[in-house]
Every structure is written in C-alpha cells, then in structure tokens.
Amino acid sequence: MYPSRFRYEAPRSLDEAISLLHDGGDYAKVLAGGQSLVPLMKLRFASPELVVDINNVPGLSYHRAEPDGTLRIGALCRHAELERSGLLKTTQPTMAAAAPLIADPIVRNRGTLVGSLCHADPQGDWASVVLALGGSVVASGPRGTRTIPLAGFVAGPFQNVLEPDEIAVEAVIPAAQGARSGGYLKLERRVGDFATVGVAVALETSGGRVIRAGIALTGVGGATIGATEAAEALTGRPLSAETIEQAAGLAAQAARPRTDHRGSADYKRHMVRTFVLRLLSRETAETAERAA
Ligand SMILES: Cc1cc2nc3c(=O)[nH]c(=O)nc-3n(C[C@H](O)[C@H](O)[C@H](O)COP(=O)(O)OP(=O)(O)OC[C@H]3O[C@@H](n4cnc5c(N)ncnc54)[C@H](O)[C@@H]3O)c2cc1C
C-alpha cells in the first residue's frame, strides 16, 4: 500500500528541523533510518502530514567516548556502525553483543540506535541494552535541551515522552565506575527476526563485588522491562551460584509475557531465567579463567 499524502522536508540544520517540527505540531514526524516509520506509513498505521528527514543535518553520525568514558551515540549513528565499532568491542560488551542481533544487514545499514529508542517497540533490542546500562536520551527543542533517563523515556508501547517539536539528538551511556562486563542474548525464530525474548545484562565489578548491575528484558511485556529487583540482588555482592540463581528468578518474575505465535508465556518466562543464568554464569567462568 502507498502511504497517505504527506509533505516532505529535509532541513540542513538542527534549528531548522526543530522549527519545522514546531510548526507541524502533532502532525509531524522525524525520519531517521526510516526502518520503522516507512513500513508503518505504508501500512497506514502512521499518517503524518509532515515528514522531517534529519539525514541532511550535519554532525549527528558519531559514536564516541569522552575522556571520562561516557559514550555518546548521535541520532544518525546506524546499527551497522555500532556492529563494526572497535570502541564498543573493547569497552561496551553488552552493546557489542546486541549490535549484530538487530534485524538483518539491510536494516542495520540504515536504522539508528536513537531511532530505535524513539520508536519504543517492546521488541526493540537497543532499549533493553541502554536501560541495563543506565543510559539516557538527550532531546533538543525550541525550549532548549534536556536529558531524559531511558527508564522514564519510554511511556508505553510505541510511545516516548518527547514533545512533538523535540528531536532526540543523542543517547548517552554513563562511564563505568568498575570493570565493565555483560552481554545480550536474544531468542528469535529465525535470523533477523524480532525477539521472542531478549535479555541485556550490564555489570560493573570492583574488588570481587558487583558495584552496579542492570538487567533489562525485551519482548516480554507491553514495554521494555527493567528488572530492577534482579539487579539489586546482585549489587554489593560477589557473583556466586546463589546470587546468580536469585537474580535469574527475580528477572523471570519481572517478565510480563503473553502467549502468542512465538511461544507460551511460561516458555518465555523460562527463557528469561535461562538467559540471565547463562549471562551471569559466563561472567563467573571468565573471571575464574582470568584468575587462573
Ligand atoms: C525487517 C525489519 C526487521 C527489524 N528487526 C528488528 C530487530 O530484530 N530488533 C530491533 O530492535 N529492531 C528491528 N527493526 C527496527 C529497526 O531497528 C529500526 O531501525 C528502528 O526501530 C528505528 O530506527 P530508525 O532510525 O530506522 O527510525 P525511523 O524509522 O526513522 O523512526 C522510527 C520512529 O522514531 C522516531 N524518531 C526516529 N529518530 C528520531 C529522533 N532522532 N528524534 C525523535 N524521533 C525520532 C520517528 O519519528 C518514528 O516515529 C526491524 C525493522 C525491519 C524493517
């Protein structure tokens, strides 16, 4: 199906893009990679009257680490750049594990991490990863710039808290205070599919103890789920069979899966537990290997 008729603008500056969005009000949409918006428009689930394509806005394609270790990912940084990134491979194990699991190579060439956060699909992989890492989104609009923690950015399925005239300009991952470890596991029916279940684990350890933990779940609820009680069960303690078991059980309890064509609710909950066990057990095995 063809999309409904719309006006297309391709501004060359952020100020111009914001001004267009301001004038367009509720009837305007930002276009970044187009990998979610365009299919929605073709299906007429979205019918914006104005599409503001930000691909000509300079200076948004970066991902870089600040001297203190804070990671910044610009609004036009594609999934593929993150998949190939040496910086992520050496400093961000949870992100590096997730990047090759997003969709397929064609989608990864155009789609953006920031666009994925804005799209707020409960099956979007990046939202879990950024949530587990305690990340946030920086939004710019006519009233200035604000930083929104991801935990408060997603308002529900396919809903974020941006004002209609705000643009998410970057995602920010805070610097680690300890040694960073973690990973992302995704159950999919076939390569390139959305997650039946996804689990992101991000840990920081120091002196043999976990000093910060984040666990977040993809595809097992109406929005990305932060398994905060599971993460708290690890914090301040060493990783042991007991703490790992406890965290895995609490993460499974935090899941709100529904039975559908991808599997039963019980199966999905079981997979959350299994993935948390696997990710955390791998950490203890690697720590033991390093110590040997
Ligand atoms: C076949 C297929 C398979 C896929 N599989 C997966 C998968 O396995 N896992 C996964 O996580 N995703 C998957 N996706 C989605 C993909 O990751 C998209 O790239 C992503 O969801 C949206 O990013 P985008 O840059 O393409 O955003 P767009 O499609 O351009 O925009 C999406 C929404 O976010 C808004 N938006 C985008 N950028 C901004 C911004 N900077 N500021 C304000 N609003 C903004 C738009 O207005 C729109 O509402 C798949 C998509 C396809 C087509």
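Observations on the model:
- Test: residue in the range 172-182 that is crowded, with 16+ Cβ neighbours inside 10 Å and within 13 Å of the ligand (Cβ to nearest atom): no
- Residues of the range 75-92 that are closer than 17 Å to ALA175 by Cα, in contact (Cβ under 8 Å) with a residue 60 or more places away in the chain and crowded, with 20+ Cβ neighbours inside 10 Å: GLN92 alone.
One line per residue, one yes/no per condition, for (1) in contact with a helix residue (DSSP H, G or I) (Cβ under 9 Å, 6 or more places away or on another chain); (2) charged (D, E, K, R); (3) closer than 25 Å to ARG256 by Cα:
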{"site": "CYS118", "(1), (2), (3)": "yes, no, yes"}
{"site": "GLY135", "(1), (2), (3)": "yes, no, yes"}
{"site": "ALA151", "(1), (2), (3)": "yes, no, yes"}
{"site": "ALA155", "(1), (2), (3)": "no, no, yes"}
{"site": "GLN159", "(1), (2), (3)": "no, no, yes"}
{"site": "PRO164", "(1), (2), (3)": "yes, no, no"}
{"site": "ILE167", "(1), (2), (3)": "yes, no, no"}
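- 2 or more residues within 16 Å of the chain's Cα centre (by Cα): qualifying helices (runs of 4 or more DSSP H) within the range 46-123: 79-84, 93-98, 105-110, 113-119
- Selection within the range 13-58 - surrounded by 16 or more Cβ atoms within 10 Å (Cβ to Cβ) and on the phi > 0 side of the Ramachandran plot: GLY34
- No other residue among ALA96, ALA120, ALA139 is within 13 Å of the ligand (Cβ to nearest atom) and without any contact (Cβ under 8 Å) to a residue 60 or more places away in the chain apart from ALA139.
- Some residue of the range 193-208 being out of contact with any helix residue (DSSP H, G or I) (no Cβ under 7 Å at 6 or more places or on another chain) and buried (at least 20 other Cβ atoms within 10 Å of the Cβ): yes
- Those residues of the range 25-45 which are over 23 Å from the mean Cα position of the chain (by Cα) and within 11 Å of the ligand (Cβ to nearest atom), in sequence order: ALA28, LYS42
- Of the residues making up the range 140-160, those that are surrounded by fewer than 22 Cβ atoms within 10 Å (Cβ to Cβ), under 19 Å from ILE73 (Cβ atoms) and not hydroxyl-bearing (Ser, Thr, Tyr) are ARG146, ILE148, PRO149, ALA151, GLY152, ASN160.
- Of all the numbered requirements in (1) within 11 Å of the ligand (Cβ to nearest atom); (2) over 24 Å from ARG143 (Cβ atoms), ALA17 misses one, and that requirement is (2).
- Among the criteria (1) out of contact with any Pro (no Cβ under 9 Å at 6 or more places or on another chain); (2) under 19 Å from ASP125 (Cα atoms), the one GLU83 does not fulfil is (1).
- Residues being closer than 27 Å to GLN253 by Cα and within 12 Å of the ligand (Cβ to nearest atom) - total across the range 183-209: 12
All of the numbers you see were taken from the coordinates with simple rules; none came from a lab. These figures come from a predicted structure and were not determined experimentally. Please note: Cβ atoms are built from the backbone with ideal geometry, for glycine as well, and neighbour counts cover all protein chains shown.
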